[in-house]
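The values are calculated or read from the model by the stated rules, or taken from the named source; none is laboratory data. Quick caveat, the model's predicted, so the values are computed rather than measured. No Cβ is skipped: glycine too gets one built from the backbone with ideal geometry, and neighbour counts run over all protein chains shown.
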């Protein structure tokens, strides 16, 4: 995992309509949330609508969101850009939903699963990396975003984010054949 305090890695990626976006698009935000996401994972399906509403709420407070799909779309066609577009419309995503075709951004962030959440403060230093909340498919807990919200609220209030952070849980990023990153050992 990226170490807390790490400067946000730079990225430039297209969205599902091939419109370019970069980390510099969010330079005025009080904080930046980067999420590794997809369409087909059961963990993602559980929180799609909640994350859309959550992002909208926090965007009104000056927090930016960049949501990135790094999955291999050849082996997992449900994660292809046209399916991303359908999800963005169905769930009214208020954030750019980006395509990491080469999977280089996922590697740079040392992302492992979907969803995987990274929160960078106003100086773009990593202050939180971990889970959204305790909701899991089949555990009967509804998504709240409590873990991520606590971290964002700390940043917005000028408080230190707790170093006790639960790792993200979800589906592994679907790496292209021969493209699995070194950090898995």
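Tabulated data for the structure shown
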item	result
Counted residues, the stretch 113-125 - those being crowded, with 19+ Cβ neighbours inside 10 Å and either touching a helix residue (DSSP H, G or I) at 6+ places or on another chain (Cβ under 7 Å) or assigned to a loop (DSSP other than H, G, I, E, B) (or both)	6
Qualifying residue in the stretch 100-112 (condition: surrounded by fewer than 23 Cβ atoms within 10 Å (Cβ to Cβ), part of a loop (DSSP other than H, G, I, E, B) and at pLDDT below 95)	yes
Restricting the stretch 126-152 to residues that are out of contact with any helix residue (DSSP H, G or I) (no Cβ under 9 Å at 6 or more places or on another chain) and free of Cβ contacts under 8 Å to residues at least 60 places away in the same chain, the residue that is nearest to residue 63 (Cα to Cα)	151
Lone qualifier among 66, 86 - being more than 21 Å from residue 8 (Cα to Cα) and without any contact (Cβ under 8 Å) to a residue 60 or more places away in the chain	86
Residue that is surrounded by the fewest Cβ atoms within 10 Å (Cβ to Cβ) [pool: residues in the stretch 62-78 that are within 11 Å of residue 38 (Cα to Cα) and under 15 Å from the mean Cα position of the chain (by Cα)]	67
Residue count for the stretch 80-95, restricted to those that are part of a loop (DSSP other than H, G, I, E, B) and more than 11 Å from the chain's Cα centre (by Cα)	5
Residue within the stretch 155-169 that is under 18 Å from residue 23 (Cα atoms) and within 17 Å of the chain's Cα centre (by Cα) present	no
Matching residues, the stretch 62-79, being outside any strand (DSSP E or B) and closer than 19 Å to residue 170 by Cα	70, 71, 72, 73, 75, 76, 77, 78, 79
Residue identified as over 17 Å from residue 38 (Cα atoms), out of contact with any helix residue (DSSP H, G or I) (no Cβ under 8 Å at 6 or more places or on another chain) and at pLDDT below 95 among 164, 157	164
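Each row is one residue, and each column tells you yes or no for (1) surrounded by 19 or more Cβ atoms within 10 Å (Cβ to Cβ); (2) in contact with a strand residue (DSSP E or B) (Cβ under 8 Å, 6 or more places away or on another chain); (3) not in a helix (DSSP H, G or I).
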{"residue": "129", "(1), (2), (3)": "yes, yes, yes"}
{"residue": "138", "(1), (2), (3)": "no, no, yes"}
{"residue": "151", "(1), (2), (3)": "yes, yes, no"}
{"residue": "155", "(1), (2), (3)": "yes, yes, no"}
{"residue": "159", "(1), (2), (3)": "no, no, yes"}
{"residue": "163", "(1), (2), (3)": "no, no, yes"}
{"residue": "166", "(1), (2), (3)": "no, yes, yes"}
{"residue": "169", "(1), (2), (3)": "no, yes, yes"}
{"residue": "174", "(1), (2), (3)": "yes, no, yes"}
